[in-house]
There are 2 protein chains.
Amino acid sequence: MNWDQVFASRASRMKASEIRELLKLLAQPDIISFAGGIPDPALFPARAFQDAYAAVFAENPGAALQYSVSEGYPPLRAWLAAHMATLGIPCTADNILITSGSQQALDYLGKLLLSPGDTALVGWPTYLGALGAFNAYEPHYDRLDPETNRSAADYAETAAAKGGRVKFAYMSVDFANPTGRTMDRAARERVLEMADDLDMAVIEDAAYQALRYDGEAIPPILALEIARRGSIEECRTLYCGSFSKSLAPGLRIGWVCGAQRAIAQMVLLKQAGDLHTTTINQMAMDRVARTVFDDHVAGLRRTYAERRDHMLAALERHMPKGVTWTKPEGGMFVWLTLPPQVDGADLLAQSLKTQRVAFVPGGAFFADGSGCNTLRLSFSLADKATIDEGIRRLGLLLAA
Amino acid sequence: MNWDQVFASRASRMKASEIRELLKLLAQPDIISFAGGIPDPALFPARAFQDAYAAVFAENPGAALQYSVSEGYPPLRAWLAAHMATLGIPCTADNILITSGSQQALDYLGKLLLSPGDTALVGWPTYLGALGAFNAYEPHYDRLDPETNRSAADYAETAAAKGGRVKFAYMSVDFANPTGRTMDRAARERVLEMADDLDMAVIEDAAYQALRYDGEAIPPILALEIARRGSIEECRTLYCGSFSKSLAPGLRIGWVCGAQRAIAQMVLLKQAGDLHTTTINQMAMDRVARTVFDDHVAGLRRTYAERRDHMLAALERHMPKGVTWTKPEGGMFVWLTLPPQVDGADLLAQSLKTQRVAFVPGGAFFADGSGCNTLRLSFSLADKATIDEGIRRLGLLLAA
């Protein structure tokens, strides 16, 4: 059987994610890992989840174990609509689709919007998993950089020359994966203006939104757009949220919030894609969100802020000259820029061998293959002593 | 915002599934429903699931709530490999990918194999959800009918004339959704021969495999192919299994079993599509499968067999002349063929209004829009008295 002959053309663009492959390494106990956007399992509200599953079984096991509607569990959609309102996004449950994690939201948004040859605007760098999800729909990428003055006409012409149309701009807005950077309000407004000029959608990835440690919260792009237009139904922004960083990733529950016209079309993709998100997990998540969300997230913020501070201080102590890094106001990541001649992937191979420290080389986050002299460190999983020791070892390696 | 202008071309092929829309109607308490392929929630092993979630929390809540590998939870993959061996399919855990229900396996198989313009061979009729999943990848359909003598060359030429290649044949093999029919051994062997001639994959949908009530089990197509070739690694058949009909659908756990070359490529789709199937549900399902699978399925068979017998007897009593139906050896469905002038969709509208009986009109199961004078009845959900009353009312309507 010659499988290559029957695979679809998209198969050539589906490559193993370095992050996911690294996850397998983390099982080795002597590795200090700053890889992966992984929450600390010691911080999960395990007791609340345990109680929630027990309550679901006590109350309605038949419903929890049964098929359910593609849109999502109605009480959870209602809770999320109320949650979105607290972020400046007034909406109803009909504006919410529950997905199997926000990674699935990205996959379905690619599926909804991209025909082969269309163009997606993304940051250089951007979230690796978004590129992975979109690649299946064979787009071209163009660089989204709200700092430059490149005209909408130039974007449109570039996309047309490649045989398609600019369909959307994708961005992680708060404490972005991988850079830890936050888009300021002016940059968010500029994206909305460019979206109007290009008549494209805006995909706002807010996976880390709840994890702000200092500085003032900036309204989501969708909130800014509603403020301009008066109603979510008039908006082109599709907001992707996730419980993976705030409560727990193992249940695979995320959501998309946007105009009903787009959500209804995504419900059809969901129906055809996996029928619906797991019923029992939605029922348990609904209980946990209602009882502990705010308090739990406040606790996470305190712990992760300390780890961030600790990592930034260790970087100051141990990094040689020529290495620079971001100072994130939240999230899980610090982004290092190394001298131009240092290759992050080579450094990882060396680091695993001689220092037993893991991180993610930055090149994979660039759709154009640039950025080889960068790397991503996560401070979410390690305690302070481990952060000190890992950064010390990394500094030794970089100084050599 | 003109959404139609930014939707991908595939959006025009994504339509609401009548079955899923019907699920919403079932909330009305006075409806007698023979719609949906829904297991009876009263038969779920709820206690075993309750104990399994409790044990998972007692043992390792951190792992259960955390991210996990895209391939699936290793102990569950190992259990499934052993389970497949009992069906005549010797394999290892590396031949198994866990999916978010077997619907997702169908979606990912379409994604793996279909470029726009390729051809998929399907039955007339076939599982509506498979057509929905494949439609997203914009194939043409050609009719798979192992009873006819149409040559492989004719299939290949027809596909080439449409701008693509025959990529796979899809079939539900045992007590198929929607017809309840089972492919005999000779038909399975003929599909393998045609697959060799066309150098295509074979997708074997075995969702109902465990629910055989009488007659002798026929080996899965993948087992027949392994018997021919000596090893699963040489095989072109990809077997899709599901716990939804045997244990419970609400956890969304299914699997694909096949050659490692194809499974490894599907793991990349899974990684990009939703990272992985929910960790906690895989851990709970692993426990339940190990403790109750065989006994539980034996109990289901007894109950569903009685309901099937009861529905067949009621059809004998109440159906007017000119209506015929299948006699399934297992599964959940009986397939009715009405006189040619009766339209199943019109009949449903009338039935809901005057008789309060729901079923699925058959036309949606035909890729070419034929089959309007058919309908699907499920006997899985109703007790005997309800079956009697529902079939009596349907007979009245058809006699009128």
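Can you tell which of B:10, B:77 is in a helix (DSSP H, G or I), in contact (Cβ under 8 Å) with a residue 12 or more places away in the chain, within 9 Å of chain A (Cβ to nearest Cβ) and charged (D, E, K, R)?
Testing whether each residue is in a helix (DSSP H, G or I), in contact (Cβ under 8 Å) with a residue 12 or more places away in the chain, within 9 Å of chain A (Cβ to nearest Cβ) and charged (D, E, K, R) leaves just B:10.
Which condition number does residue B:177 fail, the rest of (1) surrounded by fewer than 24 Cβ atoms within 10 Å (Cβ to Cβ); (2) in a loop (DSSP other than H, G, I, E, B); (3) within 14 Å of another protein chain (Cβ to nearest Cβ) being met?
It is condition (1) that residue B:177 fails.
Quickly run through the range B:260-275 and pick out the residues that are out of contact with any Phe, Trp or Tyr (no Cβ under 7 Å at 6 or more places or on another chain) and more than 7 Å from chain A (Cβ to nearest Cβ).
B:260, B:263, B:264, B:267
Looking at (1) in contact with a Ser or Thr (Cβ under 8 Å, 6 or more places away or on another chain); (2) within 30 Å of residue A:98 (Cα to Cα), find the lone condition where residue A:374 falls short.
With respect to (1) in contact with a Ser or Thr (Cβ under 8 Å, 6 or more places away or on another chain); (2) within 30 Å of residue A:98 (Cα to Cα), residue A:374 is out only on (2).
Could you count how many residues in the range A:34-46 are in a helix (DSSP H, G or I) and closer than 20 Å to residue A:76 by Cα?
1
Quick test for you: out of B:283, B:266, pick the one residue that is over 22 Å from the mean Cα position of the chain (by Cα) and in the same structural domain as residue B:167 (by TED's automatic domain parsing).
Working: B:266 fails: over 22 Å from the mean Cα position of the chain (by Cα).
Being over 22 Å from the mean Cα position of the chain (by Cα) and in the same structural domain as residue B:167 (by TED's automatic domain parsing) holds for just one of B:283, B:266, which is B:283.
Identify all residues within the range A:65-87 that are of a type in the set (Val, Ile, Thr) and surrounded by fewer than 19 Cβ atoms within 10 Å (Cβ to Cβ); write none if there are none.
Matches in the range A:65-87: A:86 only.
Could you tell me whether any residue of the range A:23-34 is surrounded by 17 or more Cβ atoms within 10 Å (Cβ to Cβ) and within 25 Å of residue A:171 (Cα to Cα)?
Scanning the range A:23-34, I find at least one residue that is surrounded by 17 or more Cβ atoms within 10 Å (Cβ to Cβ) and within 25 Å of residue A:171 (Cα to Cα), so the answer is yes.
I'm trying to understand the selection: among the residues of the range B:218-242, which are more than 10 Å from chain A (Cβ to nearest Cβ) and outside any helix (DSSP H, G or I)?
Correct list: B:218, B:219, B:220, B:230, B:231, B:238, B:239, B:240, B:241, B:242.
Report yes if some residue within the range B:349-362 is touching a strand residue (DSSP E or B) at 6+ places or on another chain (Cβ under 7 Å), over 22 Å from residue B:207 (Cα atoms) and among the small types (Gly, Ala, Ser); otherwise report no.
Scanning the range B:349-362, I find at least one residue that is touching a strand residue (DSSP E or B) at 6+ places or on another chain (Cβ under 7 Å), over 22 Å from residue B:207 (Cα atoms) and among the small types (Gly, Ala, Ser), so the answer is yes.
What number of residues within the range B:326-365 satisfy the criterion of being within 24 Å of residue B:309 (Cα to Cα) and in a helix (DSSP H, G or I)?
Going through the range B:326-365 one residue at a time, the tally reaches 5.
This table checks each residue for (1) modelled with pLDDT of 95 or more; (2) closer than 22 Å to residue A:212 by Cα.
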position	(1), (2)
A:317	yes, no
A:327	yes, yes
A:331	yes, yes
A:345	no, no
A:367	no, no
A:370	no, no
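Looking at (1) buried (at least 24 other Cβ atoms within 10 Å of the Cβ); (2) charged (D, E, K, R); (3) within 14 Å of chain B (Cβ to nearest Cβ), can you tell me which one residue A:204 breaks?
So the condition that residue A:204 fails would be (3).
Filter the range A:82-140 down to residues that are assigned to a loop (DSSP other than H, G, I, E, B) and either more than 10 Å from chain B (Cβ to nearest Cβ) or over 18 Å from the mean Cα position of the chain (by Cα) (or both), then give me how many there are.
Taking the range A:82-140 and keeping what is assigned to a loop (DSSP other than H, G, I, E, B), we get A:87-92, A:100-101, A:114-118, A:123-127, A:136-139.
Subsequent filtering for residues that are either more than 10 Å from chain B (Cβ to nearest Cβ) or over 18 Å from the mean Cα position of the chain (by Cα) (or both) retains A:87-92, A:114-118, A:123-127, A:137-139.
Qualifying residue count for the region: 19.
Name every residue in the range B:329-376 that is without any contact (Cβ under 8 Å) to a residue 12 or more places away in the chain and among the basic types (Lys, Arg), in order of residue number.
Selection gives B:353 alone.
Would it be correct to say that residue A:315 is within 26 Å of residue A:106 (Cα to Cα), of a type in the set (A, V, I, L, M, F, W, C) and touching a residue at least 60 places away in the same chain (Cβ under 8 Å)?
no
Look through the range B:55-73, keep the residues that are without any contact (Cβ under 8 Å) to a residue 40 or more places away in the chain and at the interface with chain A (Cβ under 7 Å from one of its Cβ atoms), and return whichever of them is farthest from residue A:44 (Cα to Cα).
Among them, the one singled out is B:57.
This table checks each residue for (1) surrounded by fewer than 20 Cβ atoms within 10 Å (Cβ to Cβ); (2) within 9 Å of chain A (Cβ to nearest Cβ).
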| residue | (1), (2) |
| --- | --- |
| B:197 | yes, no |
| B:244 | no, yes |
| B:253 | no, yes |
| B:286 | no, no |
| B:291 | yes, no |
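Are any residues in the range A:377-400 aliphatic (A, V, I, L, M), assigned to a loop (DSSP other than H, G, I, E, B) and in contact (Cβ under 8 Å) with a residue 12 or more places away in the chain, and if so, which ones? Please lay out each step first, then the result.
Restricting attention to the range A:377-400, the residues satisfying the condition of being aliphatic (A, V, I, L, M) are A:377, A:381-382, A:385, A:387, A:391, A:394, A:396-400.
The next check asks that each one be assigned to a loop (DSSP other than H, G, I, E, B); those that pass are A:381-382, A:400.
Within the range A:377-400, A:381, A:382 meet the criteria.
Looking only at the range B:109-122, count every residue that is surrounded by fewer than 24 Cβ atoms within 10 Å (Cβ to Cβ) and either in contact with a Ser or Thr (Cβ under 9 Å, 6 or more places away or on another chain) or hydroxyl-bearing (Ser, Thr, Tyr) (or both) and tell me the total. It would help to see each step written out before you state the result.
Quick first cut of the range B:109-122, residues surrounded by fewer than 24 Cβ atoms within 10 Å (Cβ to Cβ) only: B:115-117.
Retained after the next criterion (residues that are either in contact with a Ser or Thr (Cβ under 9 Å, 6 or more places away or on another chain) or hydroxyl-bearing (Ser, Thr, Tyr) (or both)): B:115-116.
Residues that pass the stated criteria total 2.
Do we find that residue B:368 is assigned to a helix (DSSP H, G or I) and closer than 26 Å to residue B:135 by Cβ in this structure?
So residue B:368 fails the test.
How many of the residues making up the range A:141-172 are assigned to a helix (DSSP H, G or I) and surrounded by fewer than 18 Cβ atoms within 10 Å (Cβ to Cβ)?
Count: 8.
Would you confirm whether or not the range A:249-256 contains a residue that is charged (D, E, K, R), at positive phi and modelled with pLDDT of 95 or more? Give the steps one after another, and end with the answer.
Within the range A:249-256, the first condition is being charged (D, E, K, R), and the residues that meet it are A:252.
Restricting the remaining residues to those that are at positive phi gives A:252.
Going one step further and asking which of them are modelled with pLDDT of 95 or more, we end up with A:252.
Yes, because at least one residue in the range A:249-256 is charged (D, E, K, R), at positive phi and modelled with pLDDT of 95 or more.
Which members of the range B:319-362 meet the condition of being buried (at least 19 other Cβ atoms within 10 Å of the Cβ) and touching an Asp or Glu at 6+ places or on another chain (Cβ under 8 Å)?
Answer for the range B:319-362, where residues must be buried (at least 19 other Cβ atoms within 10 Å of the Cβ) and touching an Asp or Glu at 6+ places or on another chain (Cβ under 8 Å): B:329, B:330, B:331, B:360, B:361.
If the Cβ limit is 9 Å and pairs must be 6+ apart or interchain, which residue in the range A:293-305 that is crowded, with 16+ Cβ neighbours inside 10 Å pairs with which residue that is assigned to a helix (DSSP H, G or I)?
A:293/A:79; A:293/A:83; A:296/A:43; A:296/A:48; A:296/A:288; A:300/A:43; A:304/A:43
The values are calculated or read from the model by the stated rules, or taken from the named source; none is laboratory data. This structure is a prediction, so every number in the text was calculated from the model and none was measured. Note that we place each Cβ from the backbone using ideal geometry, even for glycine, and neighbour counts take in every protein chain shown.
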